[in-house]
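Peer 1: The structure follows.
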Amino acid sequence: MIALAPVASFGQDGGSAGEGIPPPAVATPPASGTDAADIAGGALELIDPHVLRVCADPNNLPFSNEKGEGFENKLAELFAAKLGKKLSYTFYPQATGFVRVTLNSHRCDVIMGYPQGDEMVQNTNPYYQTAYALVTKSGNPLEGVEALGDPRLAGKRLGVVAGTPPATYLVAHGLMAKAKPYPLVIDTRVDSSVVAMMNDLASGEIDAGVLWGPMAGYYAARANPPMHVQLLLKDIGGPRLVYRITMGVRPSDQNWKRQLNKLIAENQPAINKLLLDFGVPTIDGSGQPVTGDSSTQKP
């Protein structure tokens, strides 16, 4: 999903892996053997039909980490239980080369969060929809800003991850001259642009931060005191800031995709609750916030 944005998390796979990044760590080795039922059900698409093998970042909360603390970890646990499979991971930083050295190298079978429309994988049906967000201190006059074209942002110093879609709007509205950029492609094991941005916001180094919605919601809720998150749903005329999030599988894995689609449909209320528990701001197909009272709504 990862990473600071769809473009950062999932679309930086055209070249080789970053220098100094070792081969992915595989949490458990695959078991051997299949049976006739597995073959009939298309299990030969998978590395091991008895194990749910997930491609994940080792240190990228709120999505995933090696301790299993992210919401994508919890979602993987839910699906493994529903499938009656063991769960294992191939961990690799979600930077350049992520898809190539994990999913496409058959070290794992699914990426738990992937933006719809990216051609590097085959997408399942979406299981949530979110957007970039503006994060401010609670009570700040910028709390009500819903678009980067809002005149209240004029003259403000905004934090933004360089190269992500919101940066285009900052340029278009003359906000980049005072903006503070943070790196897009990083090794999440040793650095975090989102943590740096949130620290700068808390200290007053920046007036507001523009972050990918799941990260904005998760870290804002854990700030002391908690910060305000406003999804940016009203910007037009530039790159999209709203994304439907799916799971990513190999283009050849048609039966596996259908099985995941079935699991998503059957477990949407539990998925919505999980996202809410992690502070992920989500919207339904009508653009309305998904809340505890609307947990059955679909993206």
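Just so you know, all these numbers are worked out from the coordinates, no wet-lab data involved. These numbers were taken from a predicted model, which means no experiment stands behind them. Here the Cβ is made from the backbone with ideal geometry for all residues, glycine too, and neighbour counts use every protein chain on show.
Peer 1: Using a Förster radius of 41 Å, what is the FRET efficiency between Asp187 and Gln288 based on their Cβ-Cβ separation? Nearest 0.05, please. Intermediate values should be presented prior to the final figure.
Peer 2: Working: r = 37 Å, r/R0 = 0.91.
The value I calculate is 0.65.
Peer 1: Which entries of Lys262/Lys298; Lys85/Lys273; Lys82/Lys262; Lys67/Lys262; Lys86/Lys273; Lys85/Lys262 have Cα-Cα distances beyond 18 Å here? Could the numbers behind the result be given before it?
Peer 2: Numbers: Lys262/Lys298 14 Å; Lys85/Lys273 23 Å; Lys82/Lys262 11 Å; Lys67/Lys262 28 Å; Lys86/Lys273 23 Å; Lys85/Lys262 16 Å.
The answer is Lys85/Lys273; Lys67/Lys262; Lys86/Lys273.
Peer 1: Still on this structure, I have one more. Round to a whole angstrom and tell me the spacing of the C-alpha centers of region 70-105 and region 220-298.
Peer 2: When both Cα centres are located, 18 Å separates them.
Peer 1: How much length, in nm to one decimal, is gained on full extension between Lys86 and Asp150, taken as 0.36 nm per residue of separation minus their Cα-Cα distance?
Peer 2: Working: separation 64, 0.36 × 64 = 23.04 nm, distance 4.91 nm.
My answer for the length gained is 18.1 nm.
Peer 1: Another question, if that's okay. Would you please give the FRET efficiency between Gln116 and Asn224, computed as 1/(1 + (r/R0)^6) with r the Cβ-Cβ distance and R0 = 30 Å, to the nearest 0.05? Kindly include the intermediate steps, with their values, before the conclusion.
Peer 2: Values: r = 35 Å, r/R0 = 1.17.
Efficiency, from the Cβ-Cβ distance: 0.30.
Peer 1: Summing +1 for each Lys or Arg and -1 for each Asp or Glu, what net charge is found among the other residues whose Cβ lies under 14 Å from the Cβ of Pro183? Intermediate results must be reported in sequence, preceding the final value.
Peer 2: Working: positive: Lys180; negative: Asp187, Asp191, Asp200.
It works out to a net charge of -2.
Peer 1: Assigning unit charges at the beta carbon (Lys, Arg +1; Asp, Glu -1) and nothing else, what dipole magnitude in debye, to the nearest 20, does region 181-235 show about its Cα centre? Don't skip to the end; give the middle numbers.
Peer 2: Details: 3 positive and 6 negative charges, 46 e Å.
Here region 181-235 has a charge dipole of around 220 debye.
Peer 1: Next question. How much length, in nm to one decimal, is gained on full extension between Ser203 and Glu143, taken as 0.36 nm per residue of separation minus their Cα-Cα distance?
Peer 2: Values: separation 60, 0.36 × 60 = 21.60 nm, distance 1.75 nm.
The Ser203-Glu143 span can extend by a further 19.9 nm.
Peer 1: Here is a follow-up. Please report the projected area of region 130-231's Cα convex hull averaged over all directions, in nm². All intermediate terms of the calculation are to be shown ahead of the outcome.
Peer 2: On the way: hull surface 24.1 nm².
Seen from a random direction, the Cα hull of region 130-231 projects 6.0 nm² on average.
Peer 1: Now, a different point. Note down the nm distance, to one decimal, between modelled labels 7 Å out along Cα→Cβ at Gln254 and at Met176.
Peer 2: Those two pseudo-labels are separated by 4.4 nm.
Peer 1: Express the relative contact order of region 130-231 as a whole percentage, based on alpha carbon pairs under 8 Å and six or more residues apart in sequence.
Peer 2: Numbers: 164 pairs, mean separation 46.1, N = 102.
The value is 45 percent.
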